[in-house]
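Structure first, then comments.
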Amino acid sequence: MKNIDSRISLFAVAGIGILVSFYAGNFIADENYAPLGTLIGVLIAIYIIFGMGSSIYLLIPICWGLTGQISVLPLPFDVRELVIIITSIFYVSGIIFKSNKVKIPFEKVDLWIRINIIYLIITLLRNPVGVAAFGDSTRVGGKPYLDVALGFMVYLMMASFNVTQRTSSKLPRYVLLISIFSAIAGGIGLFLPDLGTVLGKFYSEFSGGLDDNINDNLVAGETRFGFLTGFGEVLVLYIISRISPSELIKPENLKELLSYFTGFIMIFLSGFRNAFVLGVLSTYISTLFREKIEGFFKISFIMIFIVLSGIVISFTSVKLPLTFQRTLSFLPGNWDSVAVQDADDSTQWRIEMWQLALSSDKYIHNKILGDGFGYLRSDYEREMDIVTGKAQLSQLDAKQEIFLLDGDYHSGPVGSIRFVGIVGLLLFLPLLFHMLLMAVRTIKKATGSGFEFCAYFYCIPIILAPFVFLFVFGDYRKDLVTTLFSVGMMKMIQRSIRLSMIK
């Protein structure tokens, strides 16, 4: 039987190889490389999917940061969504054929997840949404509902999955590699636009160019490199999850210390103050869990030294890049007035949006129960007029108007009121805080085990999530999906710990 199976496999591989060679030859002869790239990509994807077998669910956390699209595919999904759809097919088939009989422990956080999902369904029924191209609804743009549905599937799949200690320790490494890939893609799109255009035919992040990879100019020749933010944040998180931050100053940890500072340099180059603050807070959380108050004072000494060094440098003849200065501009120092003004204008710009959104019913029509995802058709047409230049607005006013119509308020509470109202916001906050408590329990359970690295890596951002959502930068549409993913990952880690103790 084994010989027969081997022969069948050999003939199948040979047949596929002949077909690929035939079509590849035609594509190359016609200088049509996009279909060839698509064919090769599909074959690689098939090999990975079937090669991973029951470990296919690992693709979800590994590919979570791949939010670009495979441009040559005629599908309106990014890579992460495609991975979730494929793994969902495997998961549902397992339920149908009764090969997936895992019992998921039910906790308070699970109850709050279901309450929020039910309320979102009620919101959808109150505000039916259609597709703009079909002209069949007064509201259009309901894709976030699909994102939440996929997020709920992720929550179910990861909660029923488990990994070994060795695999759990590799997960953060895979995520770091993906963040490096995304940073390289953004850099190519910005600095090598011709190459980015070619590679962008296969993955959209390569062709992001100026619009996607940098934010507003500070001054001629100085920009904020937004594509570096994710890499910097992940690198800092990776290091402080592996070892206690206070141990970084030991000579044997020089490589980790340099990597830690490299992460912050990437954040400084990105020019985002919130990323710097979150990196610092993450460092403190990691230290407090491992060394309690003693570690708090140790890391405080290091942080104070770093901050004071930056302030002192600002009074010398050394000119830091404006992105560095913008990131640190909330601290006292002799910062460039352009960097300070740009940071202040950004804050004021947000406040103006919040006031405009909350002071009338022009942008939020039902502040108690929410408007649901998508737009009124009239708002959608207004946005299209702005994008196409039909509306006579300045560049700054046009950008703000688009953000207001889209519900992109850079504020968790205000955005939540836009989509699900005050009621939805009051239902979402308990979910965030129960998730925080679950993260604390997960770290404590993982401490001293082979799952500690993975637990810190995923739970530190979860602990910060309520603070970020309320005070730093929130988007209900994305945060709800991320919450579902986060709870699923913690359940996976907890389940893996329990099974490892039984063995």
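The values are calculated or read from the model by the stated rules, or taken from the named source; none is laboratory data. All of these numbers come straight from a predicted model, not from anything done at the bench. In this analysis, Cβ positions are derived from the backbone assuming ideal geometry, glycine residues included, and neighbour counts consider all displayed protein chains.
Some notes on this structure:
- In the set Gly142, Gly189, Gly230, only one residue is modelled with pLDDT under 90, within 30 Å of Met490 (Cα to Cα), small (Gly, Ala, Ser) and in contact with a helix residue (DSSP H, G or I) (Cβ under 9 Å, 6 or more places away or on another chain); that residue is Gly142.
- Just one of the listed residues (Tyr238, Tyr260) is at pLDDT 90 or above, part of a helix (DSSP H, G or I) and closer than 22 Å to Ile304 by Cβ, and it is Tyr260.
- Tally, over the range 441-465, of residues that are part of a helix (DSSP H, G or I) and under 16 Å from Leu237 (Cα atoms): 15
- Residue within the range 390-411 that is surrounded by fewer than 23 Cβ atoms within 10 Å (Cβ to Cβ) and at pLDDT 95 or above present: no
- When the range 459-476 is filtered for residues that are touching a Ser or Thr at 6+ places or on another chain (Cβ under 7 Å) and either touching a residue at least 40 places away in the same chain (Cβ under 8 Å) or within 11 Å of Pro413 (Cα to Cα) (or both), the ones remaining, listed by number, are Ile460, Leu464, Gly474, Tyr476.
- With respect to the conditions (1) in contact (Cβ under 8 Å) with a residue 40 or more places away in the chain; (2) farther than 21 Å from Ser486 by Cβ, Val175 lacks only one, and its number is (2).
- Residue within the range 310-327 that is within 28 Å of Tyr456 (Cα to Cα) and either in contact with a Pro (Cβ under 8 Å, 6 or more places away or on another chain) or β-branched (Val, Ile, Thr) (or both) present: yes
- Residue-level check: of (1) over 28 Å from the mean Cα position of the chain (by Cα); (2) free of Cβ contacts under 8 Å to residues at least 12 places away in the same chain; (3) not in a loop (DSSP other than H, G, I, E, B), Arg382 misses just (2).
- Scope the range 297-354; condition assigned to a loop (DSSP other than H, G, I, E, B) and touching a residue at least 24 places away in the same chain (Cβ under 8 Å); matching residues: Pro321, Ser329, Phe330, Leu331
- If only residues of the range 339-354 that are surrounded by 14 or more Cβ atoms within 10 Å (Cβ to Cβ) and in contact with a helix residue (DSSP H, G or I) (Cβ under 8 Å, 6 or more places away or on another chain) are counted, the one that is nearest to Glu401 (Cα to Cα) is Met353.
- Residue check, Gly279 closer than 27 Å to Ile443 by Cβ, in a helix (DSSP H, G or I), at pLDDT 85 or above and of a type in the set (Gly, Ala, Ser): yes
- When residues in the range 77-110 are screened for being touching a residue at least 40 places away in the same chain (Cβ under 8 Å) and assigned to a loop (DSSP other than H, G, I, E, B), 5 of them pass.
- Lys250 vs. criteria under 20 Å from Phe453 (Cβ atoms), without any contact (Cβ under 8 Å) to a residue 12 or more places away in the chain, more than 28 Å from the chain's Cα centre (by Cα) and exposed (fewer than 13 other Cβ atoms within 10 Å of the Cβ): yes
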